[in-house]
Amino acid sequence: MGMTMTQKILAAHAGLESVQAGQLIEADLDLVLGNDITSPVAIHEMEKMKTKGVFDKEKIALVLDHFVPNKDIKSAQHCKCVREFACKHEITNYFDVGEMGIEHALLPEQGLTVAGDVIIGADSHTCTYGALGAFSTGVGSTDMAAGMATGKAWFKVPSAIRFILTGKPAQWVSGKDIILHIIGMIGVDGALYQSMEFTGDGIRCLSMDDRFTIANMAIEGGGKNGIFPVDAVCEAYLKEHSMRSYQIYEADDDAVYEQEYTIDLSALKPTVAFPHLPENTKLIDEVGDIAIDQAVIGSCTNGRLDDLRIAAEVLKGKKVAKGVRTIIIPATQKIYLDAMEEGLLKVFIEAGAIVSTPTCGPCLGGYMGILAEKERCISTTNRNFVGRMGHVDSEIYLASPAVAAASAIAGRIVSPDEVMGS
Amino acid sequence: MKAACGTVFKYGDNVDTDVIIPARYLNSSDPKELALHCMEDIDREFVEKVKAGDIIVATKNFGCGSSREHAPIAIKAAGVSCVIAETFARIFYRNAINIGLPIVECAQAAKEIVAGDEVEVDFDTGVITDKTKGTQYQGQAFPEFMQKIIDCGGLIPYINQK
């Protein structure tokens, strides 16, 4: 029986010729990731282990990104705990303030994640690296602890859903619209315990940043991972960012997919997920009159350079509506610098937006843009659950950077076409 | 392995880890402190009402969203002895097993059991008994490998024993 791309990577890392869906395996890990929220719990668990020390100090990444620069004393204590651990174990890939970025934008940029890897991270959006043809999935802190100590993790080999992407997306349709469309179609548990395998010639039209966004939100469809084939665009990215050798795996022709969906990208429109689930999607022309108090452009989903470029294209020479707090967060220091050199930051500031240092901040209701009761935010982040960005009676609408920027100008949720006058 | 027995708190589909333990409390990793805010954004009365041994029953995709292990930690530290659901989100499922919070998948029980019922769960057989209604359900058994982790009291003791 043929294997999917995910199954082939898992088989190779388990030292097996083949695996099938449902099989329990133990796989070797190429990278174990944690952040300032999940690592302290993992470090505490590691202290209970008989094995002392880490399996490989170069295959662990610790990124302080959620509540840094520290938002309060307790989060400062957590960061201190991670900092001391990183120092004690001489962790090579430890990223503190000044070097850090939002983990899922930072690691590919630093070349730490490449095609063919098996990666676990104590953060649900670890599935992002599937864009590079890696198997990567989110786990909890105890799995992270076990991974740091042993270099191994157990997995149930997932069955798969194939998404065949065809055609070329129209202007203002981005990776975010594609993945919101998919989640709207399959639901937030539509891919539960399964891998989401993206294929088709439409992928050629997607930038790496679009692919990162799509793979990033596989978890929002319940998926174990999302994965893209490695093509010329991906290889160019890998060669530009990483010194590591990579391995390309391709699905067998007779691989088994439990379901298949064909999506014509040229037929998609900008899409918005209404509160309080990412599956509550509407096309931009079905949105109605939704006034907003805040716009957030950033996060591991949409804080990359392409995202900022699109936002700047929409905001250039315009002002955000009076009373709409517009918060733009480049995901890494490099993206921040590139955006500065391209003049994007000037566009944002002149439009009346603020530009923040990299942080997960408002996405999870940490800080840097918390909502009050009955406030509404259009956000390029990934979750619009109850209370996610602040008050339990606030609302989050998920959208692309283009729609978020246009909405910031209009003061209500609109299509970029409406403010660009095309 | 001993059985769980307690009063049921009932929730619907897609209970996410943000409502189980909101991120505004994730500046702590102390189980006792997390337990004080367990389920706060979905059920303000939960923390006041929950007693040691009580059981959470929910329908589809319980624990979806963030990978925060703080969610099952908060539930366990609040005194909950078992979570029954039609399905669990996969990271929550792993986390619960890894920290030794008993969970059982059973679609029919998840659908029929209501808030306030007295329910018993036998972890050896997977049998769920609703003592209030006098009904019984067969929960799905864990694969042997996961059962070993649970029997050891979580992933770390399991690895230590290997």
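Computed from the coordinates by the stated procedures, all read-outs in this text should not be read as laboratory data. Since the model is a prediction, treat every value here as computed from it, not as a measurement. Counting neighbours? That spans all protein chains shown, and the Cβs are built from the backbone with ideal geometry, glycine included.
How charged is the neighbourhood of residue A:116? Take every other residue with its Cβ under 14 Å from the Cβ of residue A:116, and add Lys/Arg as +1 and Asp/Glu as -1.
Numbers: positive: A:8, A:244; negative: A:28, A:30, A:117, A:235, A:250.
After counting each charged neighbour, the total is -3.
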Query raised in the report: For the stretch B:1-106, which trypsin sites (Lys or Arg not before Pro) are both in a DSSP coil and crowded by at most 16 other Cβ atoms within 10 Å?
Result: B:2, B:44, B:51
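If the stretch A:5-263 were replaced by its equivalent ellipsoid, with semi-axes equal to the square roots of 5 times the Cα gyration tensor eigenvalues, what would those be, largest first, whole Å? Please report the intermediate quantities before stating the final value.
Details: eigenvalues 182, 86, 55 Å².
Rounded to whole Å, the semi-axes are 30, 21, 17.
Are there trypsin sites (Lys or Arg not before Pro) in the stretch A:360-422 that DSSP puts in a loop and that have at most 12 other Cβ atoms within 10 Å, and which ones? Numbers along the way, then the final one.
Working: sites: A:374, A:376, A:383, A:388, A:412; in loops: A:374, A:383, A:388.
Answer by residue number: A:374.
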Query - Highest-fluctuation residue, A:340, A:208, A:148 considered, GNM on chain A with Cα pairs under 10 Å - result: A:340
Requested in this report: Output ³J(HN,Hα) for the stretch B:126-136: one whole-Hz value per residue in order, computed from phi by the Karplus curve 6.51 cos²θ - 1.76 cosθ + 1.60 with θ = phi - 60°, and x for Gly and Pro.
Outcome: x, 7, 10, 10, 8, 6, 5, 8, x, 10, 10
Report summary line: For the stretch A:353-394 the translational diffusion coefficient, Stokes-Einstein from a Kirkwood Rh over Cα pairs at 20 °C and viscosity 1.002 mPa s, in µm²/s, is roughly 204
**Report entry** Relative contact order of the stretch A:5-263, defined on C-alpha pairs under 8 angstrom at six or more residues apart (%)
**Finding:** 25
Query - Other-chain or far-sequence residues with amide H under 5 Å of residue B:82's (modelled H) - result: B:56
Query raised in the report: Once you list every other residue whose beta carbon is under 9 Å from the beta carbon of residue A:184, what net charge do they have if Lys and Arg are +1 and Asp and Glu are -1?
Result: 0
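Obtain the radius of gyration and the Kirkwood radius of the stretch A:111-226 from its C-alpha atoms and give Rg over Rh. Please report the intermediate quantities before stating the final value.
Numbers: Rg = 14.3 Å, Rh = 14.5 Å.
Reported Rg/Rh, Kirkwood definition of Rh: 0.99.
Looking at the stretch A:5-263 only, what percent of DSSP beta bridges run antiparallel? Nearest 5 please.
Working: 5 of 32 bridges.
So the antiparallel bridges in the stretch A:5-263 amount to around 15 percent.
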Requested in this report: Enumerate the residues in the stretch B:1-36 having an amide nitrogen under 14 Å from the point lying 7 Å beyond the Cα of residue B:132 toward its Cβ.
Outcome: B:6-11
Report task. Treating the Cα atoms of the protein assembly as shown as identical point scatterers in vacuum, please give the log10 of the normalised Debye intensity I(q)/I(0) at q = 0.08, 0.09, 0.13 Å⁻¹, two decimals. Result -> -0.50, -0.64, -1.40
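What ratio of Cα Rg to 2.2 N^0.38 Å holds for the stretch A:274-414? The partial results should precede the final answer.
Values: Rg = 13.6 Å, N = 141, 2.2 N^0.38 = 14.4 Å.
With N residues counted in the stretch A:274-414, Rg over 2.2 N^0.38 Å equals 0.94.
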Requested in this report: Compute the Kirkwood hydrodynamic radius of the stretch B:58-162, taking the inverse of the mean of 1/r over all pairs of distinct Cα atoms, and give it in Å to one decimal.
Outcome: 14.2
Query raised in the report: Stretch residue A:87-residue A:47 to full length: gain in nm at 0.36 nm per residue minus the Cα-Cα span?
Result: 12.8 nm
Query raised in the report: Which whole-number percent is the relative contact order of the stretch A:274-414 (Cα, under 8 Å, 6+ apart)?
Result: 35
Query - Under 19 Å from the residue B:33 label point (7 Å along Cα→beta-carbon), backbone N, the stretch A:24-43 - result: A:35-43
Report summary line: Cα-based Rg then Dmax for the stretch A:1-138, in Å, read 16.0, 55
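If you filter the stretch A:1-93 for GluC sites (Glu not before Pro), then keep DSSP loop positions with at most 15 other Cβ within 10 Å, what is left? Intermediate results must be reported in sequence, preceding the final value.
Values: sites: A:17, A:26, A:45, A:47, A:58, A:84, A:90; in loops: A:17, A:47, A:58, A:90.
Taking the stretch A:1-93 and a limit of 15 other Cβ atoms within 10 Å, the loop GluC sites (Glu not before Pro) found are A:17, A:47, A:58, A:90.
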Report summary line: Amide H neighbours of residue B:127 at under 5 Å, excluding residues fewer than 5 places away on the same chain, with H built from the backbone geometry, are B:122, B:139
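If eta is 1.567 mPa s and T is 4 °C, what Stokes-Einstein diffusion coefficient results for the stretch A:346-422, Kirkwood Rh from Cα pairs, in µm²/s? The partial results should precede the final answer.
Numbers: Rh = 13.2 Å.
Estimated diffusion coefficient is 98 µm²/s.
As a check on your grasp of the helix formula, calculate [θ] at 222 nm for chain A: sum -39500 (n - 2.57) over DSSP H runs of n ≥ 4, divide by the residue count, round to the nearest 500.
Working: 14 runs with 129 residues, N = 422.
Rounded to the nearest 500, it is -8500 deg cm²/dmol.
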Report summary line: Inter-chain shielding metric for B:91-100, i.e. average beta-carbon neighbours from other chains within 10 angstrom, reads 5
